[in-house]
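As structure tokens, the structure follows; a few thoughts come after it.
The values are calculated or read from the model by the stated rules, or taken from the named source; none is laboratory data. Please read these numbers as outputs of a predicted model, since none were measured by experiment. Neighbour counts are summed over all protein chains in view; Cβ atoms, including those assigned to glycine, are modelled from backbone coordinates with ideal geometry.
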Amino acid sequence: MSTTGSSAATPTAAAKVPAAPLALERVQLTIGDDGMAVLRLGRADEGMVTLTVERIAELDAACDRLLSHEALGDGSLRAVIVTGPDPTAAPGADARRPGAAMFCAGADVNLIREVTDPQDGEAAAVRGRSVFEKLRRLRAPVIAAIEGPCLGGGLELALFCDLRVVADAPGTQLGLPEVKLGIVPGFGGTQNLTRLIGLPKALDLILNGKLLRPKQALRSGVIDRLVPRSKLLTAAREEALKLAGDGRKAPPRRLRGQAFWLSRTPLRALAVRAARKALAKGQARFYPAPGEALRCCLAALTMPVAQGFAVEAKALGAMIATDVSKALVHLFFLTERQKRLGKQDGARDVQRAFVLGGGVMGAGIAGLLAQKGTATRLCDVAMAPLQRAKQRLQATLDKQTKRRRMERHEAQAVQDRFAVSTEAGSLRDTDLWLEAVVEDLAVKQKVMQDAVARGLPDDALLATNTSSLSVTAMQQGVPHPERVIGVHFFNPPEKMPLVEVIRGRDTDDAAVATACRLAVRLGKFPVVVRDSAGFLVNRCLAPYVNEAARLLLEGSSPESIDAAMLDFGMPMGPCRLLDEIGFDVAAKVSEVMHGAFPERMQPCELFAAMVEAKALGQKSGGGLFGANGKGDGPGRAVLAALRRSRGTPARQASRSELLQRLVYPLVDEAFRCLDEGLVEHEHDLDLGLVMGIGFPPFTGGITRFARREGLATIVARLDELARGLGTRFRPCDGLRRRAIDG
Ligand SMILES: NC(=O)c1ccc[n+]([C@@H]2O[C@H](COP(=O)([O-])OP(=O)(O)OC[C@H]3O[C@@H](n4cnc5c(N)ncnc54)[C@H](O)[C@@H]3O)[C@@H](O)[C@H]2O)c1
């Protein structure tokens with residue numbers, strides 16, 4: 001057996017290798033006496049395999065070695081298996097519990113960040129793809145043996161192999177998520193995948209950046225065989241020998257049925273039209289990469305192979321240099337930064353949770369905990385919400401099993417971890433106690449005292465999901481106040497990606513670390529915020545919705561206000577948002593905010609008027625819009641009456657006025673939060689508001705948006721608005737200072 005890489009070559013096989021041994025550090029190539037080569041994409045001790053410039057160079061050298069070995073013509077290379085690092089061979093690895101497996105997570109995102117010239121991007125695409133193409137040039141069959149993440153460039157490499165054999169393991173995922181970083185797959189992915197599985201499925205995967213679990217990948221035709229993880233290499237070997245025995249490379253694969261008709265005949269125009277329509281809708285229109293990817297996929301079916309590859313490389317070059325890609329890459333690094341918060345010293349694991357209050361939030365949070373492996377008890381004073389909570393979880397699980405994202409036995413295990421009761425009982429065996437009862441300080445203080453009386457351990461996290469009350473106030477009188485913390489989920493908790501971790505006056509670092517770890521385990525991004533009215537998200541949202549209400553009173557239509565914000569890139573306009581959260585909640589929150597910031601946050605009178613008229617929004621059968629969100633709601637009459645009582649003629653604000661009055665104060669409020677120490681870094685503002693209120697991701701976050709817009713421009717306009725419309729617009733000193741400093 002000859003080995004290039006970290007282990008030494010044996011004399012027998014070394015004699016067959018034509019050139020001097022390769023000194024490879026990142027990939028490992030072993031050629032057995034039986035002619036079976038194994039190319040490992042990373043060293044055994046590498047937990048993360050990405051395609052860096054160095055790794056691609058070593059892959060190139062390894063492929064050259066295989067090609068020259070084959071050129072000997074002595075039949076000593078029969079087949080090649082490409083696979084990830086061997087975690088069982090890592091120094092100190094426990095063979096029974098090896099580290100998580102990994103095939104390849106794709107291109108190094110640092111590289112994507114650094115490329116600013118389209119030509120450099122195109123050259124990088126050509127370079128990577130031409131290395132992978134060498135696997136196709138080999139006469140010997142090449143089998144990808146995949147376990148763990150196989151994403152982006154990793155899957156593109158696997159698509160140059162003749163077959164893909166995959167381990168049916170929980171950590172295995174396959175996909176081409178490049179559009180999420182504002183680029184297109186550039187190493188042949190759009191071409192090879194489209195030809196392999198047909199246009200409709202390829203578009204669905206590539207344009208949406210979808211990731212597939214092994215079974216889904218098998219069904220869609222991306223992979224060829226699924227095996228238990230212990231059999232991965234054996235099965236890959238079997239397939240390799242079968243092809244080698246037949247003297248064949250890739251086995252013939254033909255598109256059939258709909259995949260054939262919508263790919264290989266003029267009927268593909270139907271698939272293209274449907275994809276174009278989806279890309280023109282909603283926020284998709286702000287992202288150029290999916291449109292480019294569509295063009296590339298089409299080229300795979302209409303152009304010669306080399307030309308298709310060239311179109312793809314050019315598209316990658318064009319996309320990688322866009323501001324949108326740079327913004328999305330910036331956000332990617334911010335999400336990685338937040339994930340690391342879950343690994344801080346002192347963070348403990350939550351195994352057993354108790355959630356009090358089974359309403360909208362409590363039910364969602366408890367269900368999520370159970371789904372992510374925590375034994376969870378949900379308790380409420382009434383049985384009805386608990387029954388609804390059980391049904392809600394069942395519906396979620398049914399959906400997951402129907403879409404084959406979960407097996408039936410896994411769904412059953414989740415239900416087994418989820419218990420409901422109207423009796424709290426003993427809390428001795430609890431790591432996390434979290435309340436989601438009514439928003440009332442006295443009630444929250446009382447239930448916390450009760451939890452302590454029921455034997456909650458001193459080191460269990462005592463958490464509140466409050467959206468506006470003081471965590472510090474809840475710490476008063478609670479033994480060990482250092483573990484009292486706010487863990488603020490957003491509605492619906494299953495979907496919303498942000499969790500504000502609220503540090504009260506006495507909260508200690510271990511509690512913050514544990515809450516962050518919990519949030520990350522639940523698939524959320526934690527942002528640590530100091531205890532202050534509205535925390536970060538609701539504080540920034542308050543002036544935004546308040547101003548929308550004032551614009552309504554002045555005469556702007558809900559449709560025009562919402563359209564301006566949708567055109568800015570928000571996922572929903574403020575008027576529809578008010579209907580969704582309810583005018584009662586808006587009124588309550590705005591009172592709290594007014595109490596804390598009387599100068600700037602005086603609530604618009606529309607809130608109280610809507611509450612009085614019981615036009616609360618969707619929960620009451622309609623607000624500004626109808627009950628189902630369509631047409632005019634009963635709140636329009638309330639609005640009309642208020643407008644009449646003002647006695648001033650209605651005035652529809654222009655697009656630019658709407659944008660400046662709604663978005664610039666949001667910028668000002670965000671910088672105030674930073675300067676007051678609510679959050680530590682501008683990054684928290686960027687990520688927090690993208691994840692919390694849907695601030696357009698293509699801007700890269702609010703501080704990047706503000707700098708692009710020009711801080712001086714924003715300050716000047718806010719000053720002007722303050723002179724004309726009131727001091728609420730006056731920019732803070734921090735924003736002024738930054739505008740001067742540039
Ligand atoms: N709804 C949202 O959008 C949202 C978002 C973030 C945070 N929050 C916060 O989450 C908390 C809960 O909000 P919600 O919308 O889920 O409320 P909800 O009214 O839907 O549910 C509250 C539940 O608590 C139960 N309850 C009341 N007092 C109780 C007690 N003493 N013991 C046990 N159960 C009790 C009620 O029966 C009800 O089922 C509030 O603090 C709210 O501010 C709400």
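Quick notes on this structure:
- Among the residues listed as G582, G573, G569, the single one being at pLDDT 95 or above, of a type outside the set (V, I, T) and within 19 Å of N546 (Cβ to Cβ): G573
- The range 613-631 - residue that is charged (D, E, K, R) and over 15 Å from G573 (Cα atoms) and, of those, surrounded by the most Cβ atoms within 10 Å (Cβ to Cβ): K619
- You will find that of S426, S421, the residue that is within 13 Å of the ligand (Cβ to nearest atom) and among the polar types (S, T, N, Q) is S421 and no other.
- Selection status of V381, under 22 Å from L498 (Cα atoms), in a loop (DSSP other than H, G, I, E, B) and aliphatic (A, V, I, L, M): no
- Residue in the range 433-449 that is loosely packed, with under 15 Cβ neighbours inside 10 Å, polar (S, T, N, Q) and out of contact with any helix residue (DSSP H, G or I) (no Cβ under 7 Å at 6 or more places or on another chain) present: yes
- Residues that are touching a Phe, Trp or Tyr at 6+ places or on another chain (Cβ under 7 Å) and not assigned by TED's automatic domain parsing to the domain that holds R229 number at least 1 in none of the strands (runs of 3 or more DSSP E) confined to the range 85-180.
- Some residue of the range 163-182 being without any contact (Cβ under 8 Å) to a residue 60 or more places away in the chain, among the acidic types (D, E) and over 23 Å from E238 (Cβ atoms): no
Results for (1) surrounded by 14 or more Cβ atoms within 10 Å (Cβ to Cβ); (2) under 20 Å from L193 (Cβ atoms), shown as yes or no for each residue.
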| residue | (1), (2) |
| --- | --- |
| T234 | no, no |
| A240 | yes, no |
| R248 | no, no |
| G291 | yes, yes |
| R295 | yes, yes |
| P304 | no, yes |
| E312 | yes, yes |
| L316 | yes, yes |
| T322 | yes, no |
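- Qualifying positions in the range 343-367 - in a helix (DSSP H, G or I), buried (at least 20 other Cβ atoms within 10 Å of the Cβ) and either in contact with a Phe, Trp or Tyr (Cβ under 9 Å, 6 or more places away or on another chain) or in contact (Cβ under 8 Å) with a residue 60 or more places away in the chain (or both): M361, G362, G364, I365, A366, G367
- Scan of the range 369-384 for residues that are crowded, with 20+ Cβ neighbours inside 10 Å and either within 16 Å of the ligand (Cβ to nearest atom) or free of Cβ contacts under 8 Å to residues at least 24 places away in the same chain (or both), ordered by number: L369, T376, R377, L378, C379, D380
- Taken over the range 388-417, the criterion of being more than 23 Å from K444 (Cα to Cα), within 16 Å of the ligand (Cβ to nearest atom) and touching a strand residue (DSSP E or B) at 6+ places or on another chain (Cβ under 9 Å) is satisfied by K390, L393.
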